[in-house]
Amino acid sequence: MSEQLSVANKEKLVSDLKVVVADAEEILRATAGVAGDKVSEMRGRIEVALRDAKERLANVECAVVDKAKA
């Protein structure tokens, strides 16, 4: 039972992180026309962090699916 709960918690975490990633991508799109060095620098850091987060999220999601199937 606790293993099923753990899988459910991980699935919820994956779902929540997908929402965060989607929201961050929307912010990037909304600020695409904003000028300024600080904004450009921040957008670059966010883009790198999002790319890394998406990759880790995909790995975690695969692990959760594999665990659920086992």
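Brief remarks follow.
- Consider segment 1-22 and keep the residues that are among the charged types (D, E, K, R), closer than 18 Å to residue 58 by Cβ and surrounded by fewer than 13 Cβ atoms within 10 Å (Cβ to Cβ). The one that is modelled with the highest pLDDT is 16.
- Across segment 30-70, the number of residues qualifying as under 30 Å from residue 8 (Cα atoms), exposed (fewer than 13 other Cβ atoms within 10 Å of the Cβ) and of a type in the set (Lys, Arg) comes to 3.
- Of the residues 41, 25, 55, the single one that is touching a Leu at 6+ places or on another chain (Cβ under 9 Å), assigned to a helix (DSSP H, G or I) and not small (Gly, Ala, Ser) is 25.
The values are calculated or read from the model by the stated rules, or taken from the named source; none is laboratory data. Quick caveat, the model's predicted, so the values are computed rather than measured. Every residue, glycine among them, receives a Cβ derived from its backbone with ideal geometry; neighbour counts consider all protein chains shown.
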